[in-house]
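Take a look at the structure set out below.
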């Protein structure tokens, strides 16, 4: 169905006629099928751009009144940010892009949904602070990363993932009611995520985020940390031919390669026990190669057996210290760990590349290079457990991936997964990145088969490897691995959203 003119005019009265559209070319630009997602998008009935909490609340109440489904979005990176069924409007939140408060004394910031990393990160760096910027690139919504999607990033070893830094939350429930969590709901400020009584962080975020199935988050506070590095990195050149360096003796990248995942696992654990390093990561060798080159032709020249051998099982460590003495201390410990476990220092040119692209550890502006080959790509698994468990998951990938790499269904890069320990190795995150030729219709079937094989392997081995997410068919399958969370999630959805208007993706 299309919106009646009466409903359209009511929405226009809320946001102003300049901030709503149902023009065909506008709707077409917001329903394109992404290469990495199998669902066929529907066309939204309209796109609405509220500029305040009051306007947003009025839109949600109107959707309940007329039974209209809403899907909120900022940058549109996630496939869940678009219309998945008829009778849906897209609520575009980019106008709500204010940094409401920067509290340097209590170390938190308050932001709206449209604030992006490229907006917040430089503002905090010049004040001597930083935060856990998710690895989505500078255009990603900070609020979405902290509340509604995964929020993993490459500096989790020395701190943690985004949901651990979430403080107060203001949220419009699916029926239009506004709630505030933690200390905020008592009028005490934004500093605490839970207040007297039950906490709501599991409803707001959980491990991954509910992708607006429980409402729309309008403002959050996140904790910030003092930054060890200089307020302004040393930058030169023009992207993609650019460098971003930390011009300080207290920043150094050291990379060792290991014989296998078992030795690399032990090195991860030992660096955590010693509490050294800002970043410790086993990184994907396929995206690394793409980021190190400036064209598809350059990629194929570099993608040799010798190159892959250097980066198949690397432990990339960024040491960020407060003094040169501390740097010597951490460097000595790292070399001792590597020597004990048979680590071999890789070519210096690779370490220099990482040191020349420190934006990778900040807001990952080089990430778009992953798209250079022009095919389809997708990250899968994305869950966390102990370092040992996650490394076992990584080892097991070789038991089923060759059926797909050897037949050309996905790109031949069987070791293309990353593992990032968190909080000095108390647990770890895994991400398997696959690429394929999206111009070949037969390949898409193979991609679906690979996803199914990966999930079934996790179920058979009781691996906590695929991230428990919002209500979806995948959640129904892996729910038993995670204490039947899908059953509870469905009951909560029915209680919070009786009219089923908040981005229902089932």
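The values are calculated or read from the model by the stated rules, or taken from the named source; none is laboratory data. Being a predicted model, the structure only gives us computed values, none of them experimental. Neighbour counts run over all protein chains shown; Cβ positions are idealised from the backbone, glycine included.
Taking into account only those residues within region 397-414 that are surrounded by fewer than 18 Cβ atoms within 10 Å (Cβ to Cβ) and touching a residue at least 12 places away in the same chain (Cβ under 8 Å), which is farthest from residue 154 (Cα to Cα)?
Ranking the candidates gives 407 first.
Every residue in region 181-217 that is more than 30 Å from residue 464 (Cα to Cα) and crowded, with 23+ Cβ neighbours inside 10 Å, please.
184, 190, listed by residue number.
Would you mind finding the one in 410, 420 that is in the same structural domain as residue 265 (by TED's automatic domain parsing), assigned to a loop (DSSP other than H, G, I, E, B) and closer than 25 Å to residue 260 by Cβ?
410
Quick one: which of 337, 276, 363 is within 25 Å of residue 423 (Cβ to Cβ) and touching a strand residue (DSSP E or B) at 6+ places or on another chain (Cβ under 8 Å)?
276
I'd like to know if region 473-481 contains one or more residues that are closer than 30 Å to residue 65 by Cβ, touching a helix residue (DSSP H, G or I) at 6+ places or on another chain (Cβ under 9 Å) and surrounded by 14 or more Cβ atoms within 10 Å (Cβ to Cβ).
So far as region 473-481 goes, yes, one or more of its residues are closer than 30 Å to residue 65 by Cβ, touching a helix residue (DSSP H, G or I) at 6+ places or on another chain (Cβ under 9 Å) and surrounded by 14 or more Cβ atoms within 10 Å (Cβ to Cβ).
For region 49-93, how many residues meet the condition of being in contact with a helix residue (DSSP H, G or I) (Cβ under 8 Å, 6 or more places away or on another chain) and in a helix (DSSP H, G or I)?
5
Could you check region 217-239 and list, in sequence order, the residues that are in a loop (DSSP other than H, G, I, E, B), under 22 Å from residue 160 (Cα atoms) and touching a helix residue (DSSP H, G or I) at 6+ places or on another chain (Cβ under 9 Å)?
Correct list: 224, 227, 229, 230, 231.
Of the residues that sit in region 42-57 and are surrounded by fewer than 20 Cβ atoms within 10 Å (Cβ to Cβ) and in contact (Cβ under 8 Å) with a residue 60 or more places away in the chain, which one is nearest to residue 111 (Cα to Cα)?
53
If the requirement is being touching a strand residue (DSSP E or B) at 6+ places or on another chain (Cβ under 9 Å), crowded, with 24+ Cβ neighbours inside 10 Å, modelled with pLDDT of 95 or more and under 30 Å from residue 370 (Cβ atoms), which of these qualifies: 111, 89, 99?
The conditions single out 111.
Would you be able to tell me the number of residues in region 240-249 that are touching a strand residue (DSSP E or B) at 6+ places or on another chain (Cβ under 8 Å) and assigned to a strand (DSSP E or B)?
Of the residues in that region, 4 qualify.
For region 260-285, what are the residues that are outside any helix (DSSP H, G or I) and buried (at least 19 other Cβ atoms within 10 Å of the Cβ)?
276, 277, 278, 279, 280, 281, 282, 283, 284
Within region 463-474, does at least one residue satisfy the condition of being in a helix (DSSP H, G or I) and at pLDDT 85 or above?
no
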